[in-house]
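Structure record follows, encoded as structure tokens.
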Amino acid sequence: MMNPTDLEIRDLNYMVRSYDGLNKLIVQVQLRKHSLLPERPMDSLQILYGYKSQKEGNYQGLIALKHKLNSDIGKLLDAWPIWSNWLAMVPGIGPYIGGKHIIMHYYRMTAICPDCGGELEKKEGAFICSSCGKNVKGDGNLTYRIDRRDWRQASSWWHYMGLHNAPHCRTCGRRVTKENGLFMCDKCKKPEPDPVYRKPKKQKGMQADWSSQGRAIAYQVGQAFIKKNNGHLYRAYYDKRRAMRDKTHPDASKAHKMNMALNETIKLFESHFWMVARELEGLPVPLPRICEMDPNHKLITPYYWEGIEPVIT
Ligand SMILES: [Zn+2]
Ligand SMILES: [Zn+2]
């Protein structure tokens, strides 16, 4: 069963975070090139693509390093059955996407105080220990406690990954919250009886209950799938949903219809991730609410997964 060691978890977390950091740097270098050296030719991007020097030999650039990190992440992943039994078989899901999902799905990393083990709270850019009050410097050298996460429903995993819809004010577009059974808009200072449901954005002064990194990696999954040809099972699902939108939303723009289908495909993959993870751990897989309520609604079981018989409750 699922038993990676503490060291393996920390190792994977370290590698995935390093990949994220490197990727961010690559984007910054590209943007900086465009703003500072718009006229210089492409070879001013040696930082990314590598240096060729007759005297000193060749140096690899940041992009080659990124590919190396990706394959090194792959070497760590066999400790997780969800990788070796499923993700590795899904075309388009590479080591980084797999590793990032594993870290986000299974673990909560809580920054703790090196002196007393108390949890740290972020206050105005500083990390303050909630038990002893010590001010701990951040800079990537915090100490973490690893806790296991448990997602009871596929929808709670979707929510964490930022794939859920939330109610918004029709007048100003701000996220509305329920107070005494009524949706209230803080900005318009009035109730919103008929809110619009859409994906929430991060909003100033509001603590988000979902992860923007989760949304970003889920989006990468969608991008990877639509690049595949239609023999790919998730790609085929996308094509089917995209075609269906011509009937259900004939007036919607092409981009809007593609987006709807892409969102559904991403959600399908993420619910499959959740189902396979639970099956592998011998946990019951509750039927989605929609299948419970409508017996004609067919459950789509995970693609590329032979599976063990699910314990449906
Ligand atoms: Zn402390
Ligand atoms: Zn409003």
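Here is a check on your reading of the model: is Tyr160 within 16 Å of ligand 1 (Cβ to nearest atom), touching a residue at least 24 places away in the same chain (Cβ under 8 Å), not assigned by TED's automatic domain parsing to the domain that holds Lys199 and not hydrophobic (A, V, I, L, M, F, W, C)?
Values: within 16 Å of ligand 1 (Cβ to nearest atom): no; touching a residue at least 24 places away in the same chain (Cβ under 8 Å): yes; not assigned by TED's automatic domain parsing to the domain that holds Lys199: yes; not hydrophobic (A, V, I, L, M, F, W, C): yes.
No, not satisfied.
When Arg170 is tested against (1) more than 14 Å from ligand 2 (Cβ to nearest atom); (2) of a type outside the set (Asp, Glu); (3) in contact (Cβ under 8 Å) with a residue 24 or more places away in the chain, exactly one condition is not met: (1). Could we say that Ser130 is surrounded by 12 or more Cβ atoms within 10 Å (Cβ to Cβ), more than 16 Å from ligand 2 (Cβ to nearest atom) and farther than 23 Å from Asp11 by Cβ here? The answer is yes for Ser130. There is no residue in the range 225-235 that is assigned to a loop (DSSP other than H, G, I, E, B) and farther than 26 Å from Ile93 by Cα. Taking the condition charged (D, E, K, R), more than 16 Å from ligand 2 (Cβ to nearest atom), over 21 Å from His101 (Cβ atoms) and at pLDDT below 90, does Asp186 pass? So Asp186 does not fit the description; no. Restricted to the range 131-183, the set of strands (runs of 3 or more DSSP E) holding at least 3 residues that are out of contact with any Lys or Arg (no Cβ under 6 Å at 6 or more places or on another chain) comprises 143-148, 177-179. From the residues in the range 32-45 that are of a type outside the set (D, E, K, R) and surrounded by 10 or more Cβ atoms within 10 Å (Cβ to Cβ), which one is modelled with the lowest pLDDT? Once the filter is applied, the top-ranked residue is Ser44. Screening the candidates Arg215, Arg175, Arg170 for the property of being of a type in the set (Lys, Arg), more than 16 Å from ligand 1 (Cβ to nearest atom), at pLDDT 90 or above and closer than 30 Å to His101 by Cβ yields one hit, Arg215. Within the range 225-233, one or more residues are modelled with pLDDT of 90 or more, within 17 Å of Ile97 (Cα to Cα) and of a type in the set (A, V, I, L, M, F, W, C).
Do we have Pro193 as loosely packed, with under 15 Cβ neighbours inside 10 Å and either polar (S, T, N, Q) or within 14 Å of ligand 2 (Cβ to nearest atom) (or both) here?
Working: loosely packed, with under 15 Cβ neighbours inside 10 Å: yes; either polar (S, T, N, Q) or within 14 Å of ligand 2 (Cβ to nearest atom) (or both): yes.
Yes: the conditions hold for Pro193.
The values are calculated or read from the model by the stated rules, or taken from the named source; none is laboratory data. Remember, it's a predicted structure, so these values are computed and weren't measured experimentally. For neighbour counting, all protein chains shown are included, and Cβ atoms are generated from backbone atoms with ideal geometry for every residue, glycine included.
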